[in-house]
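The values are calculated or read from the model by the stated rules, or taken from the named source; none is laboratory data. What you see is a predicted model, and the numbers here were worked out from it, not measured in a lab. Please note: Cβ atoms are built from the backbone with ideal geometry, for glycine as well, and neighbour counts cover all protein chains shown. The accessibility values were calculated without ligands, DNA or RNA, using every heavy atom of the protein model including side chains. Shrake-Rupley method; radii C 1.70, N 1.55, O 1.52, S 1.80 Å.
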Number of protein chains: 2
Amino acid sequence: MVNIAILGYGTVGSGVVEVLDINGDSINKRCGKEINIKYILDLKEFPGTPIENKIVHDYNIIVNDPEIQVVVEVMGGVEPAYSFVKEAILKGKSVCTSNKELVAKHGAELLALSKEKKVNFLFEASVGGGIPIIRPLNQSLTADEIEEITGILNGTTNYILTKMSEEGVDFESALKEAQEKGYAERNPEADIEGYDACRKIAILSSLAFGMQVDFEDIYTEGISQITDIDFKYAKELDARIKLLGTSRKEGEGVCAMVAPMMINANHPLYSVNDVFNGIFVRGNVIGDVMFYGSGAGKLPTASAVVADVVDATKHLGTNIMTIWSSKKLDLISIKESSHRFFVRIGRDNEETKAEVSKIFGQFQVVKPKDVMGEFAFITEPMTEAEYSEKAAALKDIVSMIRVRF
Amino acid sequence: MVNIAILGYGTVGSGVVEVLDINGDSINKRCGKEINIKYILDLKEFPGTPIENKIVHDYNIIVNDPEIQVVVEVMGGVEPAYSFVKEAILKGKSVCTSNKELVAKHGAELLALSKEKKVNFLFEASVGGGIPIIRPLNQSLTADEIEEITGILNGTTNYILTKMSEEGVDFESALKEAQEKGYAERNPEADIEGYDACRKIAILSSLAFGMQVDFEDIYTEGISQITDIDFKYAKELDARIKLLGTSRKEGEGVCAMVAPMMINANHPLYSVNDVFNGIFVRGNVIGDVMFYGSGAGKLPTASAVVADVVDATKHLGTNIMTIWSSKKLDLISIKESSHRFFVRIGRDNEETKAEVSKIFGQFQVVKPKDVMGEFAFITEPMTEAEYSEKAAALKDIVSMIRVRF
């Protein structure tokens, strides 16, 4: 028998209990031993529920109980999660977490500590909800040098952008609908401003390149400036606008950013819609692979957490090597990053077009039938610095969206 | 240092050498030790090449060398691969293979033997080329009961079907082009008749349900009967025709088959085109996940083989548990399997429609503009047995394709 403790009986925590309840038999078979939830740490009581007798309010009971071998941290936030997790590892317990803030900030340190203590720190659920991505990156793509990792990493924004694309509604209406359906929080900032995706791409980049990528260093742009008019252009271009967290080798460096980008049907993430997430990886020998699934939700996320518990249980006493050095990876500035740019101009006459042509060279006008008094064009590939310089010389730019085709 | 031997210096074997050459440094870092190719078994000599001195013609040299800890079997075919692999395992060596025939036929036995000998039998590359699917099934989806696993598992047929769909060409032209591009063999039977996909879905089903699924028991239908006219109907329905290997729980049993099926844009496999493969998995708690990538090709396949070598190297002396019992899973007959059926009728008059309506109930006519003298309809969901009975009463059925929407 392996005794585990769950820290936090919120959405994911109760999901973990549910998954162990629904699939306990086959899970125990895969572990080779029975998993027993001994404690659940929560501020609240849950009288009259089946977990009533497992609830404790004092973490010391858990961390000082030598019978507890695996701690499941699903509270979220950096503190007190970080202190709790660190203490658990120091006491020789493995930890499985869904907490992206914790992993992005302290992943390297907690992995090093786990190695030292011959336990495991596992965090499959911190990125992409149920989608297996952390373990494939660590254990399946080991023959490759990763050249790029790009994902639709936030289900809320993907739902909003899908609504806007398919129904032509504006940002506010799509957000409101997402809130009504429970896909977006009342304060949606962390999602729509890209902060959530930023932490996730920081984690993926650290694993892909084996060194610490600080989320604070990643240029992050959300979707609140995207309008229904942008989608009319996207449709005209057979493209979709997606919030991408992306990190790729450019020259000798790595450039990471979170921003809305246009992709077309040739991109594997093009058909990742609604609340689904998708993560695209390009390796130097494997080529392109993509992982797709529910990026959030109680049971999918809990499924990933429990899969980590199974792994921790199968590796008691052995550390699974994960290469994520605490040495910082110096990202190249996005100014040096190259792509094409979709640019909307809020005037539409020959003089303006001549101006654009003078600055950006030959270009093709993009103009949806039902858009008046403006037009757009897509630049040749150029660095962000070059684009900024050219754009500064051009008046009336309504919006700019990076293009990945 | 870990000494390995490669059996077979064909496409995949030379790819393995190339991958270890290109990414050796980082691969060694991930292993925590250096991987050294000590022998390559092949009938031919390769004078003047860097591997010249590693070539041996006698397997006994390899299997009797106690320094060899991992054997890479990339010869293909059941024999002599099976005898070689079994002997290696009996001698305490781990085996990594890309050989789907071997794994489909002897997977359960070789896994059991590996467990007994505390070595590993790994076969990531046997299904989906480079796509990580075997390891995710074994180690990531461990919290779930798998309800369905469905894949586009053969790149050759997917290329042909994509050509037919996008360019409106007939089967023979598309096959010819695939052969010219080297995607299809001169004798393309194993691909186009679905035999290759059949072995792969047998392996995936065995792993998903933990029991032996014999490929001989899987109903298999290829794509050679699909015509350009079928694709006109598919287009009319906003659907695509894909060769799917599929296995899913139906009632108390599991039904497996390989057949061309129509799917629409709601299916995650809809946008898996050209030579790419995709594998869709539905779990009872994780929901839907999908894995996408190059299903074949020298380097992607070699990438998966080398990832297995890394795993074997990291687990010397420990068996990684894989649940695939030799106990046979009794598949339910496809006669009991339910879906909708797309049916083309080679007549087009009111009398015929009345006949269809009498037998199949109310139905909607599907009729592309440029198709004359015939029409089609899609049935309600029914079992294959029911369909066969009804279809027998109807004359002039030109073709039937199963529908997954």
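In peptide A:9-22, how many Cβ atoms from other protein chains are near each Cβ within 10 Å, on average?
Numbers: counts 0, 0, 0, 0, 0, 0, 1, 1, 0, 1, 5, 1, 0, 5.
Partner-chain Cβ atoms within 10 Å, mean over residues of A:9-22: 1.
Note that the stretch A:236-338 presents 33 Å² accessible area per residue, ligands and nucleic acids not counted, probe 1.4 Å. Which residues, if any, in the stretch A:101-139 have at least 50 Å² less accessible area in the whole protein complex than in the isolated chain, probe 1.4 Å? Listed in order, they are A:132, A:139. Could you name the residue in chain B with the C-beta closest to the rotation axis that superposes chain B on chain A, along with the separation in whole Å? Axis-proximal residue of B, distance in whole Å: B:271, 2. Charge dipole of chain A (Cα centre as origin; +1 on each Lys and Arg Cβ, -1 on each Asp and Glu Cβ, all else neutral): 860 debye, rounded to the nearest 20.
Anything in chain A that counts as a DSSP H helix reaching 20 Å or more along its axis (C-alpha) with Kyte-Doolittle mean of at least 0.5? List them, would you? Could the numbers behind the result be given before it?
On the way: long enough: A:11-31 (26 Å, 0.13); A:100-116 (23 Å, -0.11); A:195-209 (21 Å, 0.83); A:298-314 (24 Å, 0.54).
Qualifying helices, which must be both long enough and hydrophobic enough, are A:195-209, A:298-314.
The dipole here belongs to the protein assembly as shown: it is taken about the Cα centre, uses +1 on the Cβ of Lys and Arg and -1 on the Cβ of Asp and Glu, and is about 1240 debye. The mean number of partner chain beta-carbon atoms within 10 angstrom of a residue's beta-carbon across peptide B:304-312 is 4.
A loss of 40 Å² or more of accessible area (1.4 Å probe, protein heavy atoms, ligands and nucleic acids excluded) relative to the isolated chain is seen in these residues of the stretch A:140-156: A:140, A:142, A:143, A:145. With one equal scatterer per alpha carbon and no solvent term, the Debye-computed log10 I(q)/I(0) for the stretch B:136-294 at 0.10, 0.17 1/Å reads -0.35, -0.97.
Determine the share of the stretch B:331-405's accessible area contributed by carbon and sulfur atoms, expressed in whole percent, with a 1.4 angstrom probe.
Values: 1960 of 3950 Å².
Ligands and nucleic acids excluded, carbon and sulfur reach 50 percent.
Counted without the sites themselves, the longest stretch of chain A free of GluC sites (Glu not before Pro) in a DSSP loop having at most 13 other beta carbon atoms within 10 Å is A:253-405.
Cα convex hull of the stretch A:323-405: how many Å³ per residue? List each step's numbers first, then the result.
Numbers: hull volume 10.3 nm³, N = 83.
With only Cα atoms used, the stretch A:323-405 gives 124 Å³ per residue.
Separation of the stretch B:198-241 and the stretch B:63-80, taken as the distance between their Cα centroids, equals 32 angstrom.
Rolling a 1.4 angstrom probe over the protein heavy atoms with all chains in place gives the stretch A:1-119 an accessible area of 44 Å² per residue. For the stretch A:335-403, averaging the sequence separation of C-alpha pairs within contact (under 8 Å, six or more residues apart) and dividing by the residue count gives a relative contact order of 56 percent. Taking every alpha-carbon pair in the protein assembly as shown and binning the separations at 10 Å intervals from zero gives 2, 13, 21, 24, 21, 13, 5, 1, 0 percent.
Taking the 1.4 Å solvent-accessible surface of the stretch B:136-294 as the whole, the part contributed by carbon and sulfur is 41%. Under the simplified labelling scheme, the residue B:189-residue B:392 pair shows an inter-label distance of 3.0 nm, with each label point 7 Å from Cα along Cα→Cβ.
Rolled with a 1.4 Å probe across the full set of protein chains, the surface gives residue B:318 an accessible area near 70 Å². Label-to-label distance, residue A:116 versus residue B:177, with points set 7 angstrom from Cα along the beta-carbon direction: 6.0 nm. Accessible surface for the stretch B:354-405, divided over its residues, is 55 Å² per residue with a 1.4 Å probe.
Summing -39500 (n - 2.57) over the DSSP H runs of n ≥ 4 in chain B and dividing by its residue number, what mean residue ellipticity at 222 nm do you reach, to the nearest 500 deg cm²/dmol?
Values: 12 runs with 141 residues, N = 405.
The per-residue figure over chain B is -10500 deg cm²/dmol.
Expressed as a whole percent, the proportion of Cα-Cα pairs in chain A lying more than 29 Å apart is 47%.
Model label points for residue B:236 and residue A:382, set 7 angstrom from Cα along the Cα-to-Cβ axis, are 5.0 nm apart.
Please compute how much accessible surface disappears when A pairs with B, both sides summed, using a 1.4 Å probe, and round it to the nearest 100 Å².
Chains A and B together bury approximately 3800 Å².
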